[in-house]
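Any read-out appearing in this document is the output of simple, stated calculations on the displayed coordinates, not a laboratory observation. Please read all numbers here as calculations on a predicted model, not as lab measurements. FYI the Cβ positions are ideal-geometry reconstructions off the backbone, even for glycines, and counts take in every protein chain you see.
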Amino acid sequence: MGFWKHNMPGKMLLRSRHEASNIAAPRKHLSLEAYQTTIRRRLNEPLPIEDFIAYGEWFHKQVVPRLDTRNVRNVAPTGGGFEIAFEDGEKLHAESVVLALGIGLFAQRPEQFAGIPRVLASHSSEFSNLTQFRGKRVAVIGRGQSALEYAAILHESSAEVQILTRSETVNFLPFAWRKHLFRRLTPGPLRPLSWRILPPTDLGDIRTARKMADPVKFRRQSPEVQQALLKDVTTPRGAYWLPSRLQGVPVKAGVSVTSVERAGDALKLTLSDGSTDLVHLAVLATGYRIDISKYHILDDCLKQAIQKTADGYPVLATNLQTSVKGLYMAGVVAERILGPTLRFVTGTSNAGPCLAAALTGKRSTH
Ligand SMILES: Cc1cc2nc3c(=O)[nH]c(=O)nc-3n(C[C@H](O)[C@H](O)[C@H](O)COP(=O)(O)OP(=O)(O)OC[C@H]3O[C@@H](n4cnc5c(N)ncnc54)[C@H](O)[C@@H]3O)c2cc1C
């Protein structure tokens, strides 16, 4: 849960609904529902990040109670496997390695902000607390969920916040009342059927949801359709519960930041419409670009041996093995092989069984 604890802000709410926020397990005893029964409390929907982190920690204590939380410094090939070096110098040998390093390493910082110190301009993945900017002028750059939600939290924390976006509009997902109604009409024993018709991933609509949820169906699509399905889940849009929280937050649409200068303890932003802005902080909610050459823990010879696509994704087999035998990759970098769920918690139900089958030599259904 490191990324959730240290790289996302308190007061954040999950955009994925409860049914799409389960960490997968072979049996239901580790579901969010089971967690609520254990703690004897109904969790709010949308789910507060603090509750999701507590659920993740409860999950890991039952599954891997002796979790090694040290950072890995290097992974290098040896004769029959890999040598893993920790930051404290200890090394261990493994026959197989699964890299599930998340999205954080791929944060995109616009080049105009190169050389600007982090206290004045940070990527959205560098904040764990947004409530400390009371009275400060803050520019949030971007228009995706992070940009819009972080602007709402800053606004509610009495920062003087504005949103700057290159696009002409800011869009929000409407409340999915059809999905909601469908679930309500299919409770109890009808639920498995309900999930088969409309998978509990919170992704896509009645036409696309099954192609997104099922890796086999996803791979049967043409490359153009696969690309469209992947793009759909990353289209910048805010959750349906954000517009009311953003009332009073100015949005400057259709502008980009053309240059940035330090002005004492503030930043002077020059915008493409010729205007300038003086801010104490710029939040760069400018997204992520996958590029596994940023996996600095991989030894150089491993980096060279791993086959990559021209745009930085690993070439993976359907069991998530890279072109190096015994080295697997999971999470967002595997979205092109298992589909768009791999960007989200719900994707654990695809990646988990697939990796378990590969590592135990059993057959996977994916
Ligand atoms: C702002 C934001 C909001 C999101 N909201 C949602 C949501 O509502 N619902 C949803 O389903 N998904 C959401 N996501 C996506 C979310 O990141 C993924 O669902 C999920 O975290 C992916 O899990 P993961 O294990 O692949 O990566 P992560 O959760 O990022 O985990 C990667 C882990 O690898 C560890 N690590 C990295 N390098 C090393 C190293 N060298 N040594 C040891 N450990 C290392 C990190 O510390 C981290 O713990 C959101 C993402 C962001 C950025």
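Quick look at the numbers
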{"quantity": "Of the DSSP H helices in the chain, those whose Cα atoms cover at least 30 Å axially and whose Kyte score averages 0.0 or more", "calculated": "none"}
{"quantity": "Per DSSP, loop trypsin sites (Lys or Arg not before Pro) in region 163-227 with at most 11 further Cβ within 10 Å", "calculated": "ARG207"}
{"quantity": "For the chain, share of DSSP beta bridges that run antiparallel, in % to the nearest 5", "calculated": "55"}
{"quantity": "Average projected area [Cα convex hull, the chain], square nanometres", "calculated": "20.4"}
{"quantity": "Spatially proximal lysines relative to LYS136 (Cα-Cα < 16 Å; intrachain offsets below 8 disregarded)", "calculated": "LYS268"}
{"quantity": "Gyration tensor verdict on region 177-232 (Cα atoms; rounded if a/c is under 1.5, prolate if a/b is larger than b/c, oblate otherwise)", "calculated": "prolate"}
{"quantity": "Sum of -39500 (n - 2.57) over DSSP H runs of 4+, divided by residues of the chain (222 nm, nearest 500)", "calculated": "-7500 deg cm²/dmol"}
{"quantity": "Out-of-range pairs (alpha-carbon distance over 31 Å; input LYS308/LYS362; LYS5/LYS303; LYS231/LYS252)", "calculated": "none"}
{"quantity": "Where GluC sites (Glu not before Pro) fall in DSSP loop in region 1-90, at most 16 other Cβ within 10 Å", "calculated": "GLU87, GLU90"}
{"quantity": "Proxy reagent accessibility, fewest Cβ within 10 Å first, across TRP177, TRP4, TRP195", "calculated": "TRP177, TRP195, TRP4"}
{"quantity": "Region 107-153-region 1-16 distance, computed between alpha-carbon centres (Å)", "calculated": "15"}
